[in-house]
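Quick notes on the structure that follows.
The values are calculated or read from the model by the stated rules, or taken from the named source; none is laboratory data. Please read all numbers here as calculations on a predicted model, not as lab measurements. Here Cβ is always computed from backbone atoms with ideal geometry, including for glycine, and neighbour counts include all displayed protein chains.
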Amino acid sequence: MALPKVNAVVVGSGAGGGVVACQLAEAGLNVVLFERGRWHSASDERKDDLVNQRNFSLGVAYGPDEERNPRVFVDLDGTEHIVYPSDHRYSPNAGCVGGGTACYGAQAWRFMPQDFRMRSLYGAIEGSTLEDWPLSYDDLEPYYEKAEYEIGVSGDVAPNIFQGPRRKPLPMPPMVPKSREYEILKPAAERLGLHPFDLPLLINSVPYNGRSACMRIRWCVGFGCETEAKNGTQNTVIPRALATRNCLLRARCVVKEVLVNDQGKATGVAFFDENDRLQEQPADFVVVSCGATESARLLLMSKSKLFPEGLGNRHDWVGRNLQGHTYTGATGYFPKEVDCYDDVGPGACIAACDYNHGNEGLAGGGMLANEFIRLPIQFIDDLPRDTPRWGRAHKDAMRRYYQHNIGVRGPTQEIPVWDARVQLDPAVKDYWGLPVLRLSGGKHPHTLDIGNHQAGRAAEWLREAGADLVEERRAGQGLSGHQHQAGTCRMGDDPQTSVVDSHNRIHDVDNVFVVDASVHVTNGGFNPVLTIMALAFRAGEHLVKEWQGGGLR
């Protein structure tokens with residue numbers, strides 16, 4: 001059944017889609033915003049240590065639905081597994097209104113200027129698809145600022161001498177009082193000659209834009225915020241879009257494909273509604289913002305006479321170059337008299353960017369920061385390696401170390417590779433009869449070198465801080481593409497080696513755009529969400545101007 005035509009369809013309500021939908025609706029366009037999951041209200045928030053988006057032993061609280069959404073994961077040796085969202089190999093990202101921004105840790109980093117020209121800096125690395133972005137930090141800087149102010153970021157990045165130029169400080173100060181980990185780590189970093197600072201967070205340190213300040217509780221990363229102090233698209237730009245009455249949110253709907261006519265122009269989308277009825281939503285143009293894995297899947301499912309291998313996939317680039325972040329670092333265990341734990345959230349508060357670039361013999365690096373508060377069930381994986389997994393010795397170790405440890409971690413900027421990818425599985429289908437994602441491939445060897453270097457630097461910081469036992473958390477070879485997934489619909493100027501242009505438009509179709517981390521050429525040494533938002537503000541602005549100029553109709 002076809003519905004009345006609208007100006008724009010946006011598929012996915014996360015960091016990219018939520019922003020674009022707001023930009024379009026506030027400019028007067030009629031928009032339908034699709035989301036496969038539901039809207040979580042503050043009253044829904046349960047502090048369940050076993051069911052959240054950080055520890056999903058018993059399921060993922062913010063989706064996707066466990067039974068309806070299998071995937072196929074292929075080991076490095078070729079062994080195939082059908083996996084579900086509560087399996088770490090699934091690489092789950094939240095499936096709800098706001099996407100991952102509903103429950104993320106909310107670190108709000110700008111990429112560095114060097115991150116946009118990795119090929120120019122480090123050359124062609126054998127076995128990689130390393131390339132420069134078709135835009136620069138300067139192109140994106142005004143939109144970083146827009147994201148920081150319109151969504152809301154706290155912190156003090158002024159001491160970060162490695163950051164790119166900025167015109168304004170962050171709109172909110174860092175949180176006070178400082179935590180015990182901050183007080184322990186900052187002087188140690190300074191003794192090492194590092195340049196520590198209060199890391200940026202999409203969390204209110206003071207009341208901001210009608211929402212309260214952070215309560216500083218431990219249930220933060222992996223959970224929604226019951227006071228709306230954590231800023232995601234679900235409590236910032238999406239309510240603004242809906243307030244215009246130009247935007248209709250269709251939650252619990254699964255988009256099947258982007259529809260394309262015989263002239264190669266998108267005409268809308270086909271979707272399963274909340275009652276599993278197949279419908280069509282006609283539109284003048286379509287924005288795909290499902291996250292790097294699901295955006296690639298939707299394009300691959302969108303086959304037609306003109307695009308038999310999927311939309312935008314004429315040269316086999318859709319689904320390639322999947323990147324996440326290789327998280328490495330170290331855990332420091334401190335003497336019993338050094339109490340590192342004060343039960344003050346969110347935990348992550350201090351960082352250093354001294355190792356993002358300039359590491360001899362290495363093509364990049366990454367920032368280092370202290371970890372979020374880990375709930376006891378999460379700390380099990382950070383106990384000293386010789387600790388038994390159960391019994392009296394296990395309990396004794398938990399009592400000894402839980403309040404006397406600090407974790408320092410960082411996301412390694414990965415070297416992209418052609419064979420790290422998502423495809424459509426030829427046999428396994430989801431609840432709606434659609435082919436599921438098939439994840440395969442691994443990391444470039446140099447990514448492991450970079451990550452292990454970062455682990456050594458984290459260990460050095462912790463020893464200087466007084467830890468009497470330090471264990472490094474080193475890199476593994478397996479596929480990366482979890483919550484920081486990126487790269488499967490690469491941005492570039494050459495249609496033969498990329499999927500979208502510098503304004504997020506698919507090269508082959510002039511009215512379909514991809515706006516999420518799948519367009520990232522490289523994924524920086526930082527949590528990528530602020531870059532996703534900045535690109536979305538930029539893309540949305542461009543779409544509005546093109547529409548007002550008579551295009552896209």
* Asked: Just one of E294, E274 is at pLDDT 95 or above, assigned to a helix (DSSP H, G or I) and charged (D, E, K, R); which is it?
  -> E294
* Structure fact -> Note on the stretch 369-394: residues farther than 17 Å from V221 by Cβ and in a helix (DSSP H, G or I) are R392, A393, H394
* Structure fact -> If we keep only residues of the stretch 205-234 that are in contact with a Pro (Cβ under 8 Å, 6 or more places away or on another chain) and of a type in the set (A, V, I, L, M), then the residue modelled with the lowest pLDDT is V221
* To do: Take the residues in the stretch 342-352 that are touching a strand residue (DSSP E or B) at 6+ places or on another chain (Cβ under 8 Å) and part of a loop (DSSP other than H, G, I, E, B), then tell me which one is nearest to R216 (Cα to Cα).
  => P346
* Looking at A330, A283, which one is closer than 27 Å to H484 by Cβ and in a strand (DSSP E or B)? -> A330
* To do: Just give me the residues in the stretch 502-553 being in contact (Cβ under 8 Å) with a residue 24 or more places away in the chain and of a type in the set (D, E), in sequence order.
  => D508, D510, D516, E541
* Select from the stretch 88-103 the residues that are in contact with a strand residue (DSSP E or B) (Cβ under 8 Å, 6 or more places away or on another chain) and not basic (K, R) and write down the one among them that is surrounded by the most Cβ atoms within 10 Å (Cβ to Cβ). => V97
* Total residues in the stretch 220-254, condition among the hydrophobic types (A, V, I, L, M, F, W, C), outside any loop (DSSP other than H, G, I, E, B), touching a helix residue (DSSP H, G or I) at 6+ places or on another chain (Cβ under 9 Å) and farther than 15 Å from V31 by Cα -> 0
* Structure fact -> Counting only residues in the stretch 106-156 that are of a type in the set (A, V, I, L, M, F, W, C) and not in a loop (DSSP other than H, G, I, E, B), the one farthest from R216 (Cα to Cα) is identified as L121
* Restricting attention to the stretch 446-469, which residues are buried (at least 20 other Cβ atoms within 10 Å of the Cβ) and either in contact with a helix residue (DSSP H, G or I) (Cβ under 9 Å, 6 or more places away or on another chain) or at pLDDT below 95 (or both)? -> W461, L462, A465, A467
* Structure fact -> Reported set for the stretch 234-285 where residues are surrounded by 23 or more Cβ atoms within 10 Å (Cβ to Cβ), of a type in the set (V, I, T) and within 17 Å of L311 (Cα to Cα) is V255, V258, V260, V269
